[in-house]
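The values are calculated or read from the model by the stated rules, or taken from the named source; none is laboratory data. Everything numeric here is computed off the predicted structure, so don't read it as measured data. Backbone-built Cβ (ideal geometry, glycine too); neighbour counts: all protein chains shown. To get the accessible areas, we keep the full protein, side chains included, count just its heavy atoms, and leave off ligands, DNA and RNA. Shrake-Rupley method; radii C 1.70, N 1.55, O 1.52, S 1.80 Å.
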Amino acid sequence: MTSPLENTLGVVIGKRGRGTLSRVPRAVRQATQSGATLGTAHLGMGAGIVCAVQALFGFGVFLSHFGAYPQGAPAAFAWLLFAAVFVGAIIVFRTVGERLPTWLFGALVLALAAIVALDFIAIWPLGDIGGYATASVSAGFGLLFAITLRKPAEVITVAAIFGAAFIIAIVLTTPLDSESLPRQITVVSLVVLPAVIGVLVVRGFRRMVQVELDRVLVQSTVSAPRYAVGMLASEELARLDLAAEKLLESVATGRVTLPLEPAIASQAASLATELRLHLIEGRRETWLHHAVTESELLGRSVTLTDQGSLAGLLDPVQRDGLLSAVWMLLSESPATSGNRKIELQLGPVNRTTQTAVGHRLVVPIRMTITGVSRNRIEPSTWGAISRVGNYTVSQNTGLDVEIECLVENPASQ
């Protein structure tokens with residue numbers, strides 16, 4: 001049986017042994033992993049309100065047409081079933097949290113399909129699906145309850161099936177002419193489009209929140225020292241520190257005797273190695289390195305070359321300008337930002353200059369941007385770059401931005 005100390009060391013070292021922190025998932029993935037709803041519950045509530053408003057309108061249309069139904073009972077049952085589904089969906093939405101179980105989603109789809117079938121039975125003899133469909137149209141809006149709880153493909157697939165059912169019913173029952181065709185197109189659109197638009201809104205909202213969360217996490221690096229560990233490394237250091245404290249406490253209290261047993265000694269040596277590796281990393285990696293590697297967006301689009309760790313010499317204003325410029329270049333146009341790549345090269349330093357406050361180092365920063373032309377870059381981006389230093393722009397295979405960044409000379413401090 002292993003001791004609590006061995007278990008603690010094993011967990012810490014085992015996690016570290018699977019790879020360095022720069023290779024594990026980004027910080028934003030930890031913040032937005034399963035369990036974080038990103039505020040989509042509010043979108044679900046809004047979707048419920050939209051569904052309720054449409055249902056009230058549809059029920060009014062049903063009451064106005066009730067006298068024309070050859071059989072009004074199926075349509076009435078459809079509305080009773082819809083009311084039950086609506087109330088049940090609200091209860092489920094408030095209790096299941098961020099995920100709707102598959103069996104509950106299947107039950108919702110079957111209930112909505114039953115509503116469509118009952119409504120069709122009532123209006124089929126009338127020969128005008130688009131003119132008399134009420135509860136069945138509201139069933140299409142009922143899918144809005146699932147847009148934040150299920151995968152987009154599932155919701156769109158069900159909406160497409162409902163739309164296909166309407167098209168088949170229209171073709172089989174309704175004479176199509178210039179007068180009736182617009183009504184049929186309208187009703188099919190009302191069945192399919194709400195779910196599609198809802199899915200697009202939720203996806204756009206989630207992307208916006210994740211990007212902003214990513215930026216907030218990365219922005220914290222602007223105030224970091226020249227050499228520092230990253231956000232993920234700080235968490236790992238806390239684990240290593242806890243393991244080291246337990247080891248020392250066990251030795252001090254006599255629970256672990258000296259000399260250490262070979263197994264515990266080996267684990268302690270591994271722990272010391274990990275601590276030394278963190279100290280070495282902390283003397284090589286700058287704030288910009290952590291900003292790029294720990295960001296989901298920057299990590300896949302930015303290539304950083306900074307062999308002299310010169311990014312650490314930038315002051316907070318220059319850091320914020322450089323980071324803001326990169327962010328705006330990658331996020332200002334979501335439709336095309338996936339094709340944009342940025343290469344950042346800092347140094348080498350080859351001269352100094354005299355300023356009003358003394359000699360300053362001139363750190364050359366070269367930013368090569370591919371996938372965008374100069375006239376597509378927002379003026380605010382150039383404003384952010386100007387906070388870093390004087391810059392020149394040239395257009396070759398990509399857009400080259402040369403920045404002369406004046407920083408304090410560390411040799412004079």
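The table for this structure:
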quantity: Single condition residue 149 does not satisfy, out of (1) more than 26 Å from residue 66 (Cβ to Cβ); (2) of a type outside the set (Asp, Glu); (3) more than 24 Å from the chain's Cα centre (by Cα); (4) part of a loop (DSSP other than H, G, I, E, B); calculated: (3)
quantity: Hits in region 115-130 (condition: open to solvent by less than 40 Å² (accessible area, probe 1.4 Å) and either free of Cβ contacts under 8 Å to residues at least 24 places away in the same chain or part of a helix (DSSP H, G or I) (or both)); calculated: 115, 116, 119, 120, 122, 123, 129, 130
quantity: Within region 69-98, tally of residues that are open to solvent by 50 Å² or more (accessible area, probe 1.4 Å) and touching a residue at least 60 places away in the same chain (Cβ under 8 Å); calculated: 1
quantity: Count - residues of region 325-370 that are surrounded by fewer than 18 Cβ atoms within 10 Å (Cβ to Cβ) and modelled with pLDDT of 85 or more; calculated: 9
quantity: Out of 215, 207, 239, sole residue that is open to solvent by 50 Å² or more (accessible area, probe 1.4 Å), under 29 Å from the mean Cα position of the chain (by Cα), farther than 30 Å from residue 158 by Cβ and modelled with pLDDT of 80 or more; calculated: 215
quantity: Members of region 371-406 found to be open to solvent by less than 50 Å² (accessible area, probe 1.4 Å), under 26 Å from residue 316 (Cβ atoms) and of a type in the set (A, V, I, L, M, F, W, C), listed by number; calculated: 377, 382, 384, 385, 388, 393, 401, 403, 405
quantity: Out of 304, 322, sole residue that is touching a His at 6+ places or on another chain (Cβ under 8 Å), at pLDDT 90 or above and under 20 Å from residue 400 (Cα atoms); calculated: 304
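For (1) touching a residue at least 24 places away in the same chain (Cβ under 8 Å); (2) of a type outside the set (D, E, K, R), each residue gets a yes or a no:
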{"position": "377", "(1), (2)": "yes, yes"}
{"position": "380", "(1), (2)": "yes, yes"}
{"position": "387", "(1), (2)": "yes, no"}
{"position": "396", "(1), (2)": "no, yes"}
{"position": "402", "(1), (2)": "yes, no"}
{"position": "405", "(1), (2)": "yes, yes"}
{"position": "408", "(1), (2)": "yes, no"}
